[in-house]
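**Student:** The structure's right below; bear with me while I get my questions together.
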Amino acid sequence: MSTHPDIGAGRIPAEAIEAGFGDLHPALDRNEARVASERCLFCYDAPCIQACPTGIDIPLFIRQIMTENPQGAAKTILDANIFGGMCARVCPTETLCEEACVRMAEGKPVEIGRLQRYATDALFSAGRQLYRQGAATGARVAVVGAGPAGLSCAHKLATLGHAVDVFEAREKGGGLNEHGIAAYKTTGGFAQKEVAYILEVGGITVHHGKRLGRDITLASLAAEYDAVFLGLGLQAVNALGVDEGGLANIEDAVAFIERLRQTDDLSTLPIGRKVVVVGGGMTAIDAAVQAKKLGAEEVTLVYRRGADAMPASRYEQEVALTNGVVIRHFARPYAVQGEGGALASVLFMRTALEGGKLVDTGETFALPADQLFKAIGQLFLPTDVADESAVLEMDGVKIKVDVECRTSLPKVWAGGDCTRGRDLTVVAVEDGKQAALSIDRALAARLAVAAE
Amino acid sequence: MADLSVDFVGIKAPNPFWLASAPPTDKAYNVERAFRAGWGGVVWKTLGEDPPIVNVSGPRYGAIHGPDRRVIGFNNIELITDRPLEVNLREIKEVKRRWPDRAMVVSLMVPCTEESWKAILARVEETEADGVELNFGCPHGMSERGMGSAVGQVPEYVEMVARWCKQHTRMPVIVKLTPNVGDIRKPAEAAKRGGADAVSLINTVNSIMHVDLDAMSPWPHTDGKGTHGGMCGPAVKPMALNMTAEIARSEATRGMPISGIGGIETWKDAAEFMALGASTVQVCTAAMVYGFKIVEEMKSGLSDWMDQKGYSRVSDFVGRAVPNVTDWQYLNLDYAVKAQIDQDACIECGRCHIACEDTSHQAITNMVDGVRKFEVIEEECVGCNLCAVVCPVENCITMVPLENEVDKRTGRMVDGSYRNWTQHPNNPMAKQPVAYDTDAALEPAE
Ligand SMILES: Cc1cc2nc3c(=O)[nH]c(=O)nc-3n(C[C@H](O)[C@H](O)[C@H](O)COP(=O)(O)OP(=O)(O)OC[C@H]3O[C@@H](n4cnc5c(N)ncnc54)[C@H](O)[C@@H]3O)c2cc1C
Ligand SMILES: Cc1cc2nc3c(=O)[nH]c(=O)nc-3n(C[C@H](O)[C@H](O)[C@H](O)COP(=O)(O)O)c2cc1C
Ligand code: SF4
Ligand code: SF4
Ligand code: SF4
């Protein structure tokens, strides 16, 4: 970053930083897990299962915890969701399984997410590998992107006996688990441990530093492999629509978070005194909260609509508020002002809803800022798949897929953030799994035809 | 305010809540604390002959736990008191002197000879205790030596020892029964024949609490080996209630004073025993789990309930439920109920559906017009109560009696008629088959 006098590292003691980045939800101990598991009613056709995008048999795994079989519980979880450990940490359960729990009637759902973590932690700390490569089918599949979608697909394919080559642009696997998720949700290097567990199954080769669109083309993959899965995520960001005037210290929130996640000693990471974040989703919240935890004195998150419209859940908003982030609604940035080449303040226009439409009120205000993070949404980067011989049909700004994650090209599947869906880890995992099953069916059908 | 005082076979106490013979009543220190806490009386931990018995020094207690580690069942392999007789007798005398208004009953277990019983009774009389309770119930250890339940399981012995005791003491004699028998009425009748003034029941139930699957032995164990113990606590209450009712309604023992024991934790538990004929109750496990303070809840709860119901003294409701305990054959087969689900209270867990669907009568929907909904199908519902039992929301499912309406399952008009099995056309042995005749409502002939 820059040499702006008000941006510095180690604003607060290293211990305070370390404590701040501790686990958002500490793990349940054995007794807490027992008490929590006993609250589950073992519902019939349980609504929580329906609400889990990966369809984990929640009443079953909770009952397994209750009967002191946490590793069996972990198997129930991982069979449906190989990223069950990460999902236990990052799923917005308040809008997924726990929201659907019938015990919400009492205002307090069964703590599904934390129980899921209890079970998967038990398995990982016992070091038990549950999965094995399936008997070789001879088929070869290329997976692009080693994020939750790509690795979920690769893992399922490997257990079904298909050989998988994964092409990943970055040096580390895990996708946003490694580069995007808030540090306090996945502590202790969990993302890499989980990736290692997934790859341990065998039959998956990851080629790092290989970027589709630069080092390889979709057409060549489709020619060389029996099937291709694209789990590319979102590699571009929306523009703010403000003339940034070349000022230093204006940055995309995802880039800031990626830098943060890849910094070993957070007390060396510079942060401003007055930080402004623009946006209303999970990325905005995470950037704001982590800026605060790094020692920023004032962090203001500005969102153009009201609290109810925020893509970040109520719970996420509360996390921001309890961490001292100030949230201001109904305002959008229209200009930035600098001083000596660095940012000095952000100018906002108040907005209002008129007949369902967002309009400017004409009223303005300025927020002094020495750092601005833009978190107004990520975009799919279509140039990665731009390929003259293999034209992928798009659905708006994302890759078009059907229910089985098939794209418009016969040998190409896609899933996760680069396709329609909720942009959640758990949705990406489900896409990868469903795509793998669909690929498996297609390959089996092809083999059957070949045999005739 | 209701009067909680009782007079049990001449033994007076300020309330019916007594501590059962067990560790809480093993010495003056504990009993003093119990009386200060407000207990109406105690049955002192069972005395035996010197030299005192020896207890194991491994774990004596085990338990089954419910949610939140509530103790549901409790188990012990303890024997009778392990303190010298002399010490116990001295303490009993001192405590009774300091607490003259509280019931002081002394539990006894000596070898099955007249001499032994005569000798110990004489010594107990010197303490000025109010009565004795004969421990014919202890199911472990002592029974292997021909005492405890080894006596309680043979009605002839029960009668014989009760008779000796009545001959050799002026004190009231209570016989404590073991539940480890086929028919509880037999030892109760024997006690009555022997002249006993009252019975108390139940003592503990033979049981193994858990098996340690690593050690492959009962849990808890003593140096790798385990033995069955005696179970008590809330889990045994239903059995104890039934046995109490059997004695209360049996012709041979009707009217015999009963001290109810087994799983009593709250005023409600106590009131249930009393409604079935017990005029005092005894508590052990609840005190061992929660301490003596629970008696405060018991006293205020019982008293408040009695005020609400207009009972001014305990005897006003003791035995009130006994006439409504009957044999299956006299239940009204013309009566019918249907489950009814309160849709506002329902949280849609689906347990009622799956219970009925998998294991019973397929009488609850899980889907109505394509949406998750649980409704009773009256054409199928037999009114068995399973759904109401499994529903996690209290009173969400109720059993509503049919009144002057057609039972959609059977097509029969339910009009308040009475017809029991002894009168039913399907019963080849029926005394007087009747069709649909309300006047045939007969009280069971005994
Ligand atoms: C800041 C932030 C916080 C979030 N917090 C949460 C949360 O708390 N809970 C939650 O459920 N979700 C959260 N999400 C969303 C979640 O991380 C994503 O939905 C999920 O990671 C999508 O998985 P994916 O596999 O589709 O994509 P990604 O995780 O983005 O993985 C894509 C992978 O593909 C690689 N790649 C991309 N392009 C190429 C190419 N051309 N060639 C080769 N490799 C390529 C990338 O390097 C990356 O490794 C958050 C997202 C962000 C940005
Ligand atoms: C540890 C323990 C020791 C007991 N010792 C005796 C005893 O010495 N004499 C006796 O008559 N009953 C003994 N009992 C049985 C209790 O008096 C009582 O009958 C039984 O526990 C049922 O009541 P509860 O469910 O309230 O515990 C003992 C019970 C326990 C738990
Ligand atoms: S994966 Fe997420 S949504 Fe599914 S059960 Fe687990 S925590 Fe809930
Ligand atoms: S909805 Fe809640 S109570 Fe029912 S099975 Fe799921 S977690 Fe358990
Ligand atoms: S068991 Fe009770 S709460 Fe659950 S669905 Fe049935 S009626 Fe509703």
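**Student:** Compute all pairwise cysteine Cβ distances in chain B, then list the cysteines with no distance under 4.7 Å to another cysteine.
**Tutor:** That list is B:CYS112, B:CYS138, B:CYS165, B:CYS232, B:CYS284, B:CYS346, B:CYS356, B:CYS381, B:CYS384, B:CYS391, B:CYS396.
**Student:** So, one more: Could you sort B:CYS391, A:CYS153 by their accessible area in this structure, using a 1.4 Å probe and putting the largest first? Mind dumping the intermediate values first?
**Tutor:** Details: B:CYS391 25, A:CYS153 0 Å².
Most to least solvent-accessible, the answer reads B:CYS391, A:CYS153.
**Student:** Right, another one. Take the stretch A:358-410, compute every pairwise Cα distance, and split them into 5 Å bins from 0; I just need the percent in each bin.
**Tutor:** P(r) for the stretch A:358-410, in whole percents per bin: 4, 12, 16, 14, 12, 8, 8, 9, 8, 8, 1.
**Student:** Which one, A:GLY295, A:VAL319, A:ALA309, is farthest towards the positive end of the dipole of the stretch A:292-332 when Lys and Arg carry +1 and Asp and Glu -1 on their Cβ?
**Tutor:** Most positive-ward Cα: A:ALA309.
**Student:** Please list, in chain and number order, the residues 5+ apart from A:VAL277 or on another chain whose amide H is under 5 Å from its amide H, with Hs placed from the backbone.
**Tutor:** For A:VAL277, the qualifying residues are A:THR300, A:LEU301, A:VAL302, A:PHE373.
**Student:** So how much accessible area does B:ARG409 have, in Å² to the nearest 10, using a 1.4 Å probe?
**Tutor:** Accessible area, nearest 10 Å²: 110 Å².
**Student:** Give me the net charge of B:VAL181's neighbourhood, meaning all other residues with Cβ under 15 Å from the Cβ of B:VAL181; Lys, Arg count +1, Asp, Glu -1. Don't skip to the end; give the middle numbers.
**Tutor:** On the way: positive: B:LYS176, B:ARG185, B:LYS186; negative: B:GLU156, B:GLU159, B:ASP183, B:GLU189, B:GLU246.
Net charge around B:VAL181: -2.
**Student:** Right, something else. Name the residue farthest towards the positive end of the dipole of the protein assembly as shown from the options A:ALA36, B:GLY41, B:VAL181, assuming +1 on Cβ of Lys and Arg, -1 on Cβ of Asp and Glu, about the Cα centre.
**Tutor:** It is B:GLY41.
**Student:** For the stretch B:328-423, how big is Rg over Rh, using alpha carbon atoms and the Kirkwood form of Rh?
**Tutor:** 1.01
**Student:** Can you list the HN-Hα couplings for the stretch A:15-26, worked out from phi with the Karplus curve (6.51, -1.76, 1.60; θ = phi - 60°), rounded to whole Hz and with x for Gly and Pro?
**Tutor:** 5, 5, 5, 4, 5, x, 8, x, 3, 5, 10, x
**Student:** Restricting everything to alpha-carbon atoms, can you work out Rg to Rh for the stretch A:301-417 with a Kirkwood hydrodynamic radius?
**Tutor:** 1.11
**Student:** Another question, then. Ignoring ligands, DNA and RNA and using a 1.4 Å probe, state the total buried accessible area between A and B in Å², rounded to the nearest 100.
**Tutor:** 1000 Å²
**Student:** For the stretch A:64-71, just list the computed ³J(HN,Hα) in residue order, Karplus coefficients 6.51, -1.76 and 1.60, θ = phi - 60°, integers in Hz, with x standing in for Gly and Pro.
**Tutor:** After applying 6.51 cos²θ - 1.76 cosθ + 1.60, I find 5, 5, 4, 8, 6, 10, x, 6 Hz.
**Student:** Ok, one more. Quick check: net charge around A:ALA158, other residues with Cβ under 12 Å of its Cβ, Lys/Arg +1 and Asp/Glu -1?
**Tutor:** After counting each charged neighbour, the total is 0.
**Student:** Taking the full set of protein chains and a 1.4 angstrom probe, give the accessible area of A:THR364 in square angstrom, rounded to the nearest 10.
**Tutor:** Looks like 70 Å² after rounding.
**Student:** So, one more: Quick one: Debye curve from the alpha-carbon atoms of chain B only, equal weights, vacuum; give me log10 I(q)/I(0) at q = 0.06, 0.12, 0.14 Å⁻¹ to two decimals.
**Tutor:** So the normalised log intensities are -0.32, -1.07, -1.27.
**Student:** Could you size up the charge dipole of the protein assembly as shown around its Cα centre, putting +1 on the beta carbon of Lys and Arg and -1 on that of Asp and Glu, and report it in debye to the nearest 20?
**Tutor:** Computed charge dipole of the protein assembly as shown: roughly 1320 debye.
**Student:** Next up: Please state, rounded to one decimal and in Å, the Kirkwood hydrodynamic radius that the stretch B:182-239 gives when every pair of distinct Cα atoms enters the mean of 1/r. Each step should come with its number before you reach the end.
**Tutor:** Numbers: mean 1/r = 0.0716 Å⁻¹.
Kirkwood hydrodynamic radius for the stretch B:182-239: 14.0 Å.
**Student:** On to the next question. List for the stretch A:34-61: residues with 50 Å² or greater reduction in accessible area, all protein chains versus chain alone, probe 1.4 Å?
**Tutor:** Residues losing area: A:LEU41, A:TYR44.
**Student:** How compact and how long is the protein assembly as shown, expressed as Rg and Dmax of its alpha-carbon atoms in Å?
**Tutor:** According to the Cα coordinates of the protein assembly as shown, Rg and Dmax are 37.8, 113 Å.
**Student:** Against the globular-protein guess of 2.2 N^0.38 Å, express the Cα radius of gyration of the stretch A:104-183 as a ratio, rounded to two decimals.
**Tutor:** On the way: Rg = 16.8 Å, N = 80, 2.2 N^0.38 = 11.6 Å.
Rg over 2.2 N^0.38 Å, computed on Cα atoms: 1.44.
**Student:** Additional query: Three principal axis extents, largest first, for the C-alpha atoms of the stretch B:287-446, in Å?
**Tutor:** Here the spans come out as 54, 51, 28 Å, largest first.
**Student:** What is the diffusion coefficient of the stretch A:239-378 in µm²/s, taking the Kirkwood radius over Cα pairs and the Stokes-Einstein relation at 10 °C with a viscosity of 1.306 mPa s?
**Tutor:** 105 µm²/s
**Student:** Can I ask one more? Positive end of the dipole of the protein assembly as shown, charges at C-beta (+1 Lys, Arg; -1 Asp, Glu), about the Cα centre: which of B:HIS168, B:PRO428, A:ASN69 has its Cα farthest in that direction?
**Tutor:** Farthest along the dipole direction, towards plus: B:HIS168.
**Student:** Sticking with this structure for a sec: Determine the distance separating the Cα centre of the stretch A:359-415 from the Cα centre of the stretch A:416-445; give it in Å without decimals.
**Tutor:** 18 Å
**Student:** For a quick check: with amide H placed at 1.01 Å from N, whose amide H comes under 5 Å from A:VAL166's, ignoring anything fewer than 5 positions away on the same chain?
**Tutor:** It is A:VAL143, A:THR205, A:VAL206, A:HIS207, by chain and number.
**Student:** Could you please tell me the mean projected area of the C-alpha convex hull for the stretch B:167-294, averaged over all directions and given in square nanometres to one decimal?
**Tutor:** Here the figure is 10.1 nm², rounded to one decimal.
**Student:** Can you tell me the 0 to 90 degree angle between the C-alpha axis of helix A:112-126 and the longest principal axis of chain A, rounded to 10?
**Tutor:** Helix A:112-126 sits roughly 60 degrees off the main axis of chain A.
**Student:** Using modelled amide H (1.01 Å from N, peptide plane; none on Pro or chain starts), what sits under 5 Å from the amide H of B:GLU133, excluding residues fewer than 5 places away?
**Tutor:** B:VAL106, B:SER107, B:LEU108, B:ILE174
**Student:** OK, next. I'd like the distance separating the alpha-carbon centroids of the stretch A:172-193 and the stretch B:189-232, in whole Å.
**Tutor:** 56 Å
**Student:** Based on the Kirkwood radius over alpha-carbon pairs, what value in µm²/s does the Stokes-Einstein equation return for the translational diffusion coefficient of chain A at 37 °C and 0.692 mPa s? The partial results should precede the final answer.
**Tutor:** Values: Rh = 23.3 Å.
Answer, rounded: 141 µm²/s.
**Student:** If you look at just the Cα atoms of the stretch A:30-126, how large are its Rg and its Dmax in Å?
**Tutor:** Cα-based Rg and Dmax for the stretch A:30-126 come out at 11.7, 36 Å.
**Student:** With just the Cα atoms defining each centre, how far is the stretch B:70-89 from the stretch B:263-287? Give it in Å.
**Tutor:** A separation of 20 Å, based on Cα centres.
**Student:** Let me ask something else. What list of ³J(HN,Hα) couplings, whole Hz, do you get for the stretch A:420-427 from phi and the Karplus terms 6.51, -1.76, 1.60, once you set θ to phi - 60° and write x for glycine and proline?
**Tutor:** 4, x, 8, 6, 10, 3, 5, 6
**Student:** Between the chain alone and the structure with every protein chain in place, find the residues of the stretch B:315-351 that drop at least 30 Å² of accessible area; heavy atoms, 1.4 Å probe.
**Tutor:** B:ILE347, B:CYS349, B:ARG351
**Student:** In whole percent, how big is the carbon plus sulfur part of the accessible area of the protein assembly as shown, probe 1.4 Å, protein atoms only?
**Tutor:** On the way: 20140 of 39590 Å².
It is 51 percent, rounded to a whole number.
**Student:** Once you charge only the Cβ atoms, +1 for Lys and Arg and -1 for Asp and Glu, what is the size of the charge dipole of chain A about its Cα centre, to the nearest 20 debye?
**Tutor:** Roughly 480 debye for chain A.
**Student:** Might you tell me the accessible area per residue for the stretch A:30-126, computed with a 1.4 Å probe and given in Å²?
**Tutor:** Heavy-atom accessible area per residue stands at 37 Å².
**Student:** Summing +1 for each Lys or Arg and -1 for each Asp or Glu, what net charge is found among the other residues whose Cβ lies under 11 Å from the Cβ of B:CYS396?
**Tutor:** Residues near B:CYS396 contribute -3 overall.
**Student:** Report, in deg cm²/dmol and to the nearest 500, the calculated mean residue ellipticity at 222 nm for the protein assembly as shown, where each DSSP H run with n ≥ 4 adds -39500 (n - 2.57) and the sum is divided by the residue count. All intermediate terms of the calculation are to be shown ahead of the outcome.
**Tutor:** On the way: 28 runs with 279 residues, N = 898.
Helix contribution divided over all residues of the protein assembly as shown: -9000 deg cm²/dmol.
**Student:** If you place +1 on the Cβ of every Lys and Arg and -1 on the Cβ of every Asp and Glu, how big does the dipole about the Cα centre of chain B come out, in debye to the nearest 20?
**Tutor:** Roughly 1420 debye for chain B.
**Student:** Stokes-Einstein diffusion coefficient for the stretch B:1-149 at 25 °C in a medium of 0.890 mPa s, Rh from the Kirkwood formula over Cα pairs: what value in µm²/s?
**Tutor:** Answer from the Stokes-Einstein relation: 150 µm²/s.
**Student:** Continuing with this model, one more query. Would you rank A:ASP165, A:ASP215 by solvent-accessible area, highest first, keeping every protein chain in place and using a 1.4 Å probe?
**Tutor:** My answer, sorted largest first, is A:ASP215, A:ASP165.
The values are calculated or read from the model by the stated rules, or taken from the named source; none is laboratory data. Bear in mind that the values here come from a model prediction, so they are computed numbers and not experimental data. Cβ coordinates were reconstructed from backbone atoms using ideal geometry, including for glycine residues, and neighbour counts include every protein chain displayed. Areas reflect the complete protein model, heavy atoms only, side chains present, ligands, DNA and RNA absent. Shrake-Rupley method; radii C 1.70, N 1.55, O 1.52, S 1.80 Å.
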